1. Take the range 8-60 and flag every residue that is farther than 20 Å from Gly251 by Cα, surrounded by fewer than 16 Cβ atoms within 10 Å (Cβ to Cβ) and not charged (D, E, K, R).
2. What number of residues within the range 13-23 satisfy the criterion of being in contact with a helix residue (DSSP H, G or I) (Cβ under 8 Å, 6 or more places away or on another chain) and either among the hydroxyl-bearing types (Ser, Thr, Tyr) or not in a loop (DSSP other than H, G, I, E, B) (or both)?
3. Under 7 Å between Cβ atoms, at least 6 apart or on separate chains: pull out the pairs that start in the range 152-177 with a residue that is closer than 16 Å to Val21 by Cβ and end on any residue that is hydroxyl-bearing (Ser, Thr, Tyr).
4. One residue is enough: does the range 225-238 have a residue meeting the conditions modelled with pLDDT under 95 and more than 21 Å from Arg41 (Cα to Cα)?
5. Mind listing whichever residues of the range 32-70 are of a type in the set (Phe, Trp, Tyr) and within 18 Å of Met1 (Cα to Cα)?
6. What number of residues in the range 172-185 are part of a helix (DSSP H, G or I) and within 20 Å of Phe8 (Cβ to Cβ)?
7. On the given criteria, is Leu99 out of contact with any helix residue (DSSP H, G or I) (no Cβ under 7 Å at 6 or more places or on another chain), closer than 23 Å to Leu296 by Cα and either surrounded by fewer than 23 Cβ atoms within 10 Å (Cβ to Cβ) or not hydroxyl-bearing (Ser, Thr, Tyr) (or both)?
8. Return the residue satisfying two criteria in turn: it lies in the range 184-194 and is among the aliphatic types (A, V, I, L, M) and either under 16 Å from Ile272 (Cα atoms) or in contact with a helix residue (DSSP H, G or I) (Cβ under 6 Å, 6 or more places away or on another chain) (or both), and of such residues it is surrounded by the fewest Cβ atoms within 10 Å (Cβ to Cβ).
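The values are calculated or read from the model by the stated rules, or taken from the named source; none is laboratory data. Remember, it's a predicted structure, so these values are computed and weren't measured experimentally. Cβ sites come from the backbone with ideal geometry, for glycine too, and all protein chains shown count toward neighbours.
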Amino acid sequence: MTVSSLLFSPLQKIEAASTAVELYIKRDDLIHPLIEGNKWRKLKYNIQAVLDKNIRRVVTFGGAYSNHLLATSQAGRIYGFETRAYVNAPYADPANPTLSACIRNGMKIDLVDRAEFRKLQADNRLQKDGYILPEGGSNEAALKGCSEIYTEIIRQLPDVSHIITPMGTGGTATGINMVRDPDIRLIVIPILRLDGRSHIKQLFGERSVSDQDFWNEYHFGGYARYNENLMCFIRQWFNDHRIVLDPVYNGKALYGLIEKIGQSYFPEGSKIVYLHTGGSQGIHGFNQRHRQNLPLKEIF
């Protein structure tokens with residue numbers, strides 16, 4: 001079996017963002033009928049390796065509401081291999097929207113505490129159980145998949161001047177940066193409370209941070225933290241553009257981008273592409289935990 005290489009996400013122009021610049025959304029939330037955004041990009045070549053080597057099981061790691069875990073379970077269901085996940089949350093509810101969907105897809109879930117989670121991640125003996133994917137899915141095969149985002153953008157908008165992406169582990173930004181023309185600015189927005197440049201450099205080396213800009217101020221207090229300004233922005237964006245934004249990644253990063261545009265950060269005439277990395281499944285659990293009513297997209 002061959003993993004399709006023909007999937008190509010659309011580029012959508014956003015009207016009235018500013019008269020001085022042009023804003024486009026790279027709709028990677030639409031890249032695959034089931035597996036959203038950068039998670040498909042990261043999994044694509046890993047799935048092909050699993051199929052080529054006739055590996056029966058993929059083992060991976062993540063949190064109780066992980067986009068990566070859901071995407072891996074979906075891939076296993078579609079392509080016919082077993083999946084197993086170690087979840088860094090010993091008291092997580094297996095019935096939450098993310099984990100219950102993983103289980104329905106056939107994934108075996110093991111809930112472990114933080115110490116055991118870190119120990120398992122470092123345990124090379126796990127390789128005997130199957131193909132190992134790191135937390136978040138960012139490995140060399142994933143970087144290759146993410147690099148194709150840049151290739152598509154250049155084909156769709158040859159005179160793009162800036163590419164903006166949210167950052168979790170940093171794999172998507174690193175993949176883009178591997179092939180990017182240095183004349184095109186890459187701006188990375190961490191959604192964790194950390195220094196993005198140092199974090200990516202530690203994970204992927206010096207090549208991953210060369211000639212990039214980092215906006216470290218849009219984490220809203222840390223991973224999955226939020227305030228009412230963010231909630232209002234996400235709802236208004238959906239009302240204006242009918243695009244669903246999750247509050248963990250894309251809501252924060254796009255909030256930052258729109259604020260910077262309003263502050264005239266970009267030179268007049270800039271052509272800006274924001275990468276929508278998906279993550280819509282996480283809204284279900286977020287709404288449930290925080291009693292919010294953010295717009296939803298059914299992807300389970």
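1. Within the range 8-60, Phe8, Thr19, Ala20, Pro33, Leu34, Ala49, Leu51, Asn54, Ile55 qualify.
2. 3
3. Listed pairs, sorted by first residue: Leu157/Tyr24; Ser161/Ser270; His162/Ser270; Ile164/Tyr274.
4. yes
5. If the condition is that a residue be of a type in the set (Phe, Trp, Tyr) and within 18 Å of Met1 (Cα to Cα), then Trp40, Tyr45 are the ones that fit.
6. Going through the range 172-185 one residue at a time, the tally reaches 5.
7. Here the answer is yes, as Leu99 does meet what is asked.
8. Out of the qualifying residues, it is Ile184.
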